[in-house]
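Have a look at the structure below, then the notes.
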Amino acid sequence: MGGKNNTSGTEYSFGYLSLPVLLKYSLTPRLEIMAGPQFDLLIRATQRVNGSSEDITHDTEERSVGATAGLEFYVMRNLSLAGRYLFGLNHIGIGQRSAVTEFEFESVQLTTNFRF
């Protein structure tokens, strides 16, 4: 995930290990709706200011919780297309001691799934 603070020109990049726990409900034989929480654990975080990158992993909130919902459409029996929207429920804090920057995240995920 990533983002940009337009006032300071700082770009952020976050690598998470994510665990979505989704409940699926079939609306039709080919269309399912899904929703549930997602738990994220920070692996790596960097910020880029004026072309210079800095590792901020140890100065960034390590855990995040979000709510996700989406649709999955089965094109064929083993092939599906899915889209999910994720909204972060807690603030992500950068800078643990002094100038703390906090924000929430949201993202859209589009996937193609193939079942074996």
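For LEU17, indicate whether it is assigned to a strand (DSSP E or B), over 20 Å from the mean Cα position of the chain (by Cα), modelled with pLDDT of 90 or more and aliphatic (A, V, I, L, M).
So LEU17 does not fit the description; no.
Look through segment 32-56, keep the residues that are more than 21 Å from LEU110 (Cα to Cα) and surrounded by 14 or more Cβ atoms within 10 Å (Cβ to Cβ), and return whichever of them is nearest to the chain's Cα centre (by Cα).
Checking each candidate, the answer is LEU42.
Check ASP59 against each of (1) at pLDDT below 95; (2) within 18 Å of the chain's Cα centre (by Cα); (3) surrounded by 12 or more Cβ atoms within 10 Å (Cβ to Cβ) and name the one condition it does not meet.
Result: ASP59 passes all but (2).
Condition check: within 22 Å of GLY2 (Cα to Cα), in a strand (DSSP E or B) and modelled with pLDDT under 85. Does GLU102 satisfy that?
Yes: the conditions hold for GLU102.
Looking at this structure, is SER26 part of a strand (DSSP E or B), among the small types (Gly, Ala, Ser) and surrounded by fewer than 15 Cβ atoms within 10 Å (Cβ to Cβ)?
yes
Looking at segment 29-59, which of its residues are part of a strand (DSSP E or B) and within 19 Å of GLY9 (Cβ to Cβ)?
ALA45, THR46, GLN47, ARG48, VAL49, SER52, SER53, GLU54, ASP55
Is it fair to say VAL75 is touching a Pro at 6+ places or on another chain (Cβ under 7 Å) and surrounded by fewer than 13 Cβ atoms within 10 Å (Cβ to Cβ)?
Taking the combined requirement at face value, the residue does not satisfy it.
Anything in segment 1-23 that is surrounded by 13 or more Cβ atoms within 10 Å (Cβ to Cβ) and farther than 16 Å from PHE105 by Cα? List them, or say none.
LEU22
The values are calculated or read from the model by the stated rules, or taken from the named source; none is laboratory data. None of the values given here were measured: they were computed from a predicted structure. Here the Cβ is made from the backbone with ideal geometry for all residues, glycine too, and neighbour counts use every protein chain on show.
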